[in-house]
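Input: a single structure, listed below in structure tokens.
The values are calculated or read from the model by the stated rules, or taken from the named source; none is laboratory data. The structure displayed is predicted, hence computed values, not measured ones. Methodologically, a virtual Cβ is constructed for each residue, glycine included, from the backbone with ideal geometry; neighbour enumeration extends over all protein chains shown.
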Amino acid sequence: MVVEWYTFVCICIVGFSILSALYVLWINEGPSSSQSDFDILVNTLLVASPLPDNRVTIGHVTTSQLWTSCWRGVHPLVLLATRFFSLLSLVVLLSFDLHEYDATIFYYYTEWTFTLVMIYFALGTTVSAYGCWKLLNKTPLVQNGEFLRRDLETKNFTRYDEQEFEQAAGFWGYLMQITYQTSAGAVILTDIVFWCVIVPFLSISRFKLNMLMGCMHTLNVVFLLLDTMLNNLSFPWFRIAYFVLWSCSYVIFQWVIHACGFTWWPYPFLELNTPWCSLWYICMAVAHIPCYGIYSLIVKAKVDILPRFFPHAFSRSY
């Protein structure tokens, strides 16, 4: 891989994106977090325990948010079934994809994103299963968004101790939240580039549109949107940084394999041997903002509009 001046510009663009993303995370999830100090952050990320002094980190996640629905009356088992079905469907699609092609399909950003969505649903299924087990083990009922338990002696419903359900999420909970938000931006970017750029303008000899490819570039966002309509997860803007880091990781992967002798670029706009490559890299970097913003608007519409139409059915804990 020959390093020209425009190649150096592309390297600077990716490097600046990585440093900017890390800085955003440092401000919002690091020791500079306006509502938390570093000790609270470490405690929040590594141990599922209540946050002291009623202080929370920016974009904090509680354990109940991970496996409960934003809809009153929707049992967590429904969310569990939805996530498991989505995971199973994606696994089947990926299996067909690997059978039709081979492992080299992972040269594509699409496969990276598809796998990331699968990881989210795998984490979501596991966490939902644990939450349902915990809920059923304690025999509480969900009524008007509050956890209740039946007093076996008086046969009355009393408010259940929320501390057990409102603890700060641990490492796996935050990993699930981060994967969710990273996947959200990545599927929008992937599908827009595929349907609006690659299909109409960049048809190449190695590319042939078929039903399998159409499903993989459609069902990924469909399943994620379905989960979004049911889940109780927040969507803070600063976690776009993880989305940026995810894409930069893919670009660096492409650079490494090409430096090792790989000559074919899966996406022509990632090539470094043309004077226009720096412009392409800038456009792709900027495109992350509207792609993430589209999904953020979807989540915002959910929490702002749906309560107006369903005031007694919609509930959220963030």
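The condition of being farther than 23 Å from Val74 by Cα, modelled with pLDDT of 85 or more and over 25 Å from the mean Cα position of the chain (by Cα) holds for Ala259. Residues in the stretch 305-314 that are more than 23 Å from the chain's Cα centre (by Cα) and surrounded by 17 or more Cβ atoms within 10 Å (Cβ to Cβ): 0 in all.
For (1) aromatic (Phe, Trp, Tyr); (2) in contact with a Leu (Cβ under 9 Å, 6 or more places away or on another chain); (3) at pLDDT 85 or above, each residue gets a yes or a no:
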| site | (1), (2), (3) |
| --- | --- |
| Leu175 | no, yes, yes |
| Ala184 | no, yes, yes |
| Leu189 | no, no, yes |
| Ile204 | no, no, no |
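Filtering the stretch 111-122 for residues that are modelled with pLDDT of 70 or more, β-branched (Val, Ile, Thr), closer than 25 Å to His75 by Cβ and buried (at least 21 other Cβ atoms within 10 Å of the Cβ) leaves a non-empty set.
Within the stretch 90-100, can one find any residue that is out of contact with any strand residue (DSSP E or B) (no Cβ under 8 Å at 6 or more places or on another chain) and within 20 Å of Asn232 (Cβ to Cβ)? For the stretch 90-100, residues out of contact with any strand residue (DSSP E or B) (no Cβ under 8 Å at 6 or more places or on another chain) and within 20 Å of Asn232 (Cβ to Cβ): absent.
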